[in-house]
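Undergrad: First the structure, then my questions, so here it is.
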Amino acid sequence: MPHATNQGIRIHYRVEGEGPALILQHGMTWSMEGWARHGYVDVLKPYYRLVLVDARGHGKSDKPHQASAYELSLHVGDIVAVLDALDLPSAHFWGYSMGGWIGFGLAKYAPERARRLILGGAHPYGRSLPERLDASDTKTMVKKMVRGHGMDFDTLSADKQAEFLDNDFLAIAAARNARPSLQEVLPTMAMPGFLYRGELDGSFADSQRCAKEIPHAMFISCPQLNHPETFYRSDIVLPRVMKFLQSDTQGPPAHYGHGRHKCSGSIEIARIPRRTLHSSRPRARGRSLAAAHRGVIRHVTGKCRSFPVKSERTWYGS
């Protein structure tokens with residue numbers, strides 16, 4: 001079980017696949033296993049060397065109980081320690097929720113280590129917390145956190161409830177800190193960025209605004225999806241992220257996808273059509289990359305359902 005060490009804290013990571021390096025960083029209360037559980041790993045690993053990281057306080061990484069152990073610079077140091085352990089000078093970075101916040105931190109503290117940033121469900125404008133969570137009653141704590149993302153814990157499936165409950169909640173309470181604004185970093189971000197968020201997510205407008213302040217960025221909105229649901233819907237997000245990564249000179253092979261996103265010097269705002277999201281939600285296993293790009297998701301049973309991927313775009317900048 002490989003670990004990297006940053007200032008005495010051991011960070012668990014796992015490597016799968018071959019190709020250009022792509023770090024996957026999960027959100028709060030989740031672990032690296034969510035990327036596999038929700039269909040990302042099987043689609044990405046034929047084309048990328050995936051580096052899945054358990055953030056400090058989560059999964060199989062160390063879990064300090066002091067709030068000072070969860071400063072953003074330390075999270076970024078964890079990513080740098082993993083890159084150093086693998087002798088990687090840089091990598092693409094994909095973070096969701098807290099992972100996206102860490103991605104903004106990477107742009108501030110170690111921009112030379114990030115080739116492209118994919119940031120979902122996150123914004124850089126900081127936050128203040130009205131109260132500390134009480135970790136002595138874990139079920140109430142989890143319900144409050146889930147409710148804050150627009151979901152009712154009691155209506156979640158048993159496996160999703162278990163995913164939230166499988167945590168050290170003293171560590172989670174310590175990690176849930178107020179966050180300072182990183183707005184000043186946005187104009188300095190030279191790497192291309194892909195940002196996305198569900199329209200029912202409470203900070204949707206902040207993520208959309210943020211994309212307009214980054215020199216080389218695009219933003220995708222997901223209608224009628226809240227914060228966790230946007231992560232669960234890998235069938236919606238993956239085709240667009242793969243096309244974004246393809247425009248890198250070390251991206252997927254040329255036979256994957258048709259055309260490139262225009263990222264240099266412009267900002268693209270796109271909205272996934274509602275009919276895509278109203279379709280049934282098949283599992284992500286058994287999907288080929290060609291099918292993923294077309295918007296075709298293969299069921300475990302072998303059946304297929306097509307989802308249209310065209311959307312209206314508004315361009316900002318040059």
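Undergrad: Please verify whether residue 42 is more than 19 Å from the chain's Cα centre (by Cα) and either outside any strand (DSSP E or B) or hydrophobic (A, V, I, L, M, F, W, C) (or both), treating the condition exactly as stated. Write out each step before concluding.
TA: On the way: more than 19 Å from the chain's Cα centre (by Cα): no; either outside any strand (DSSP E or B) or hydrophobic (A, V, I, L, M, F, W, C) (or both): yes.
Considered against the rule, which asks whether it is more than 19 Å from the chain's Cα centre (by Cα) and either outside any strand (DSSP E or B) or hydrophobic (A, V, I, L, M, F, W, C) (or both), residue 42 comes out as no.
Undergrad: If I ask for residues that are touching a Leu at 6+ places or on another chain (Cβ under 7 Å) and surrounded by fewer than 23 Cβ atoms within 10 Å (Cβ to Cβ), which ones from region 200-214 would you list?
TA: Narrowing region 200-214 to residues touching a Leu at 6+ places or on another chain (Cβ under 7 Å): 200, 207, 210-211, 213-214.
If the condition is that a residue be touching a Leu at 6+ places or on another chain (Cβ under 7 Å) and surrounded by fewer than 23 Cβ atoms within 10 Å (Cβ to Cβ), then 200, 213 are the ones that fit.
Undergrad: I'd like the full set of residues that are surrounded by 23 or more Cβ atoms within 10 Å (Cβ to Cβ) and either over 27 Å from residue 177 (Cβ atoms) or more than 16 Å from the chain's Cα centre (by Cα) (or both), limited to region 23-39.
TA: The one that is surrounded by 23 or more Cβ atoms within 10 Å (Cβ to Cβ) and either over 27 Å from residue 177 (Cβ atoms) or more than 16 Å from the chain's Cα centre (by Cα) (or both): 39.
Undergrad: Okay, moving on. How many residues, within region 4-15, are in contact with a helix residue (DSSP H, G or I) (Cβ under 9 Å, 6 or more places away or on another chain) and crowded, with 17+ Cβ neighbours inside 10 Å?
TA: Step one: list which residues in region 4-15 are in contact with a helix residue (DSSP H, G or I) (Cβ under 9 Å, 6 or more places away or on another chain), which gives 4-7, 9, 11, 13.
With crowded, with 17+ Cβ neighbours inside 10 Å added as a condition, the list becomes 4, 6, 9, 11, 13.
Residues that pass the stated criteria total 5.
Undergrad: When region 178-196 is examined, which residues are found to be aliphatic (A, V, I, L, M), assigned to a helix (DSSP H, G or I) and surrounded by fewer than 20 Cβ atoms within 10 Å (Cβ to Cβ)? Outline the logic, then answer.
TA: Step one: list which residues in region 178-196 are aliphatic (A, V, I, L, M), which gives 178, 182, 185-186, 189-191, 195.
With assigned to a helix (DSSP H, G or I) added as a condition, the list becomes 185-186.
Within region 178-196, just 185 meets the criteria.
Undergrad: Out of the residues in region 6-58 that are of a type in the set (Phe, Trp, Tyr) and at pLDDT 95 or above, state the one that is farthest from residue 169 (Cα to Cα). Break it down into steps so the answer makes sense when it comes.
TA: Of the residues in region 6-58, the ones of a type in the set (Phe, Trp, Tyr) are 13, 30, 35, 40, 47-48.
Checking which are at pLDDT 95 or above leaves us with 13, 35, 40, 47-48.
Details: 13: 21, 35: 21, 40: 26, 47: 36, 48: 33 Å.
Applying the filter and picking the extreme gives 47.
Undergrad: Another question about this same structure. For the subset of region 95-115 comprising residues that are crowded, with 23+ Cβ neighbours inside 10 Å and of a type in the set (Phe, Trp, Tyr), which member is nearest to the chain's Cα centre (by Cα)?
TA: The residue in question is 96.
Undergrad: Look at region 145-177 and say how many of its residues are part of a helix (DSSP H, G or I), out of contact with any helix residue (DSSP H, G or I) (no Cβ under 9 Å at 6 or more places or on another chain) and surrounded by fewer than 16 Cβ atoms within 10 Å (Cβ to Cβ). Explain how you work it out, then say what you get.
TA: Residues of region 145-177 part of a helix (DSSP H, G or I): 145-147, 153-155, 158-165, 169-175.
Pick out the ones that are also out of contact with any helix residue (DSSP H, G or I) (no Cβ under 9 Å at 6 or more places or on another chain) and you get 155, 158, 162, 170.
Applying the additional criterion that residues be surrounded by fewer than 16 Cβ atoms within 10 Å (Cβ to Cβ) yields 155, 158, 162.
Summing the residues that are part of a helix (DSSP H, G or I), out of contact with any helix residue (DSSP H, G or I) (no Cβ under 9 Å at 6 or more places or on another chain) and surrounded by fewer than 16 Cβ atoms within 10 Å (Cβ to Cβ) in region 145-177 gives 3.
Undergrad: Just to be sure I understand, how many residues within region 47-71 are of a type in the set (Gly, Ala, Ser), in contact (Cβ under 8 Å) with a residue 60 or more places away in the chain and not in a loop (DSSP other than H, G, I, E, B)?
TA: 2
To keep it simple, each residue is scored yes or no on (1) surrounded by fewer than 20 Cβ atoms within 10 Å (Cβ to Cβ); (2) part of a helix (DSSP H, G or I); (3) touching a Cys at 6+ places or on another chain (Cβ under 9 Å); (4) on the phi > 0 side of the Ramachandran plot.
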position: 78; (1), (2), (3), (4): no, yes, no, no
position: 82; (1), (2), (3), (4): no, yes, no, no
position: 89; (1), (2), (3), (4): yes, no, no, no
position: 93; (1), (2), (3), (4): no, no, no, no
position: 117; (1), (2), (3), (4): no, no, no, no
position: 122; (1), (2), (3), (4): no, no, yes, no
position: 135; (1), (2), (3), (4): yes, no, no, no
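Undergrad: Being of a type in the set (A, V, I, L, M) and modelled with pLDDT of 95 or more is the filter; apply it to region 226-261 and report the residue that is farthest from residue 142 (Cα to Cα). Walk me through how you get there before you give the answer.
TA: First pass over region 226-261, keeping only residues of a type in the set (A, V, I, L, M): 236-238, 241-242, 245, 254.
Keeping just the survivors that are modelled with pLDDT of 95 or more gives 237-238, 241-242, 245.
Details: 237: 26, 238: 28, 241: 30, 242: 33, 245: 34 Å.
Filtering first and then ranking leaves 245.
Undergrad: Now for a separate question. Of the conditions (1) over 27 Å from residue 186 (Cα atoms); (2) part of a helix (DSSP H, G or I), residue 5 satisfies every one except a single condition; which number is it?
TA: Single failed check for residue 5: (2).
Undergrad: A follow-up question, please. Within region 215-231, does at least one residue satisfy the condition of being surrounded by 13 or more Cβ atoms within 10 Å (Cβ to Cβ), over 28 Å from residue 44 (Cα atoms) and touching a residue at least 60 places away in the same chain (Cβ under 8 Å)?
TA: Applying the first criterion (surrounded by 13 or more Cβ atoms within 10 Å (Cβ to Cβ)) to region 215-231 yields 215-223, 225-231.
Next, only the ones that are over 28 Å from residue 44 (Cα atoms) stay: none.
Within region 215-231, not a single residue is surrounded by 13 or more Cβ atoms within 10 Å (Cβ to Cβ), over 28 Å from residue 44 (Cα atoms) and touching a residue at least 60 places away in the same chain (Cβ under 8 Å).
The values are calculated or read from the model by the stated rules, or taken from the named source; none is laboratory data. Everything quoted here is computed from the prediction, not taken from an experiment. Backbone-built Cβ (ideal geometry, glycine too); neighbour counts: all protein chains shown.
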